[in-house]
1. So which lysines pass the test for K81, namely a Cα distance under 23 Å, with those fewer than 8 places away in the same chain ruled out?
2. Using Cα springs under 10 Å in a Gaussian network model of the chain, which residue among K152, K174, K112 shows the largest mean-square fluctuation?
3. Under a 10 Å cutoff between Cα atoms, tell me which one of I39, I118, I53 has the largest fluctuation in the Gaussian network model of the chain.
4. Given H placed 1.01 Å from N in the peptide plane, which residues other than close sequence neighbours of F196 have an amide H under 5 Å from its amide H?
5. Under the rule of at least 5 residues apart or a separate chain, name every residue whose amide H is placed under 5 Å from the amide H of E57.
6. Classify the chain from the C-alpha gyration tensor, please: rounded if a/c falls under 1.5, else prolate or oblate depending on whether a/b exceeds b/c.
7. Using alpha-carbon positions, what is the distance between the centroids of segment 99-174 and segment 1-74, in Å?
8. Given an 8 Å cut-off on Cα distances and at least 6 residues of separation, report the relative contact order of the chain as a percent.
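Every number in this text was worked out from the coordinates using simple rules, so none of it is lab data. Only a predicted model underlies this, so the values are computations on that prediction, with no experimental measurement involved. Glycine gets a Cβ as well: all are built from the backbone with ideal geometry, and neighbour counts include every protein chain shown.
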Amino acid sequence: MSIIINDLVEAYIEGLYRSRNNFLKNLREGAEREGVPIITKDTENFLSVLLSIHRPERILEIGTAVGYSAIFSASVISKTKIISVEMDEHMYERALINIEASQMENRISVLKGDAREIISDLNESFDMVFIDAAKGHYKSFFEGSLKLLKPKGIIVSDNVLYKGMTASNEFLLKRKRTIVKRMRAYLEYLYHHTEFETAILSIGDGVAVSVRKVEE
Ligand code: SAH
Ligand code: MG
């Protein structure tokens, strides 16, 4: 369970969940068993709706882990191409193996390195950016992605409520203080951004969706 206040509701929604296919089912089960922080089931459901509305042709993902969310997203929209960035060598290798096994290697490329550096070297443009990596750096990821985002592009940030810690000190673990402070600053920044509209949804571990304001 990820967000304390929503335990009951979340358990109910999780009960309705069905995996898209056996490959994703096995990948999710393996990742959950090991404690790899992949998107929660309700976040996955939300993403599939958002992807179906937005139909991105190109997605930039920051934080690949074992490739679950990338493979899932590619399976929702068959025309989508994804560039995903992962800095952990071991995760990177595992993602490549899983992506090959899913036969998505023509549609998902993984770049190895710190996304803060890698995105500044990219020249492609994207319809959607999915930020799902080190929580202390979301603002850098967001700002780094802006020049790559198409005018109607959206930025989705995962884990922004961080087990409830962002919303209340009641849940705050001392060793997470700095990260949580940075996440709060990020959400303040997003909410008061002059160019973006943002909604924070208490789905999974908290998802923020940001879209450019409509020009008058
Ligand atoms: N999106 C995945 C989960 C990603 S978990 C899914 O839902 O299936 C977060 C990952 O981000 C970890 O594997 C971690 O190694 C990676 N990461 C953390 N900071 C990063 C950075 N600065 N650049 C690239 N990857 C980073
Ligand atoms: Mg996440």
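1. Filter leaves K25, K41, K112, K147, K150, K152.
2. K174
3. In the Gaussian network model the winner is I53.
4. Hits under the 5 Å cutoff: K213.
5. D127
6. Since a/c stays below 1.5, the shape of the chain is classed as rounded.
7. Cα centroid of segment 99-174 versus Cα centroid of segment 1-74: 15 Å apart.
8. Numbers: 361 pairs, mean separation 41.5, N = 216.
Normalised by residue count, the contact order of the chain is 19 percent.
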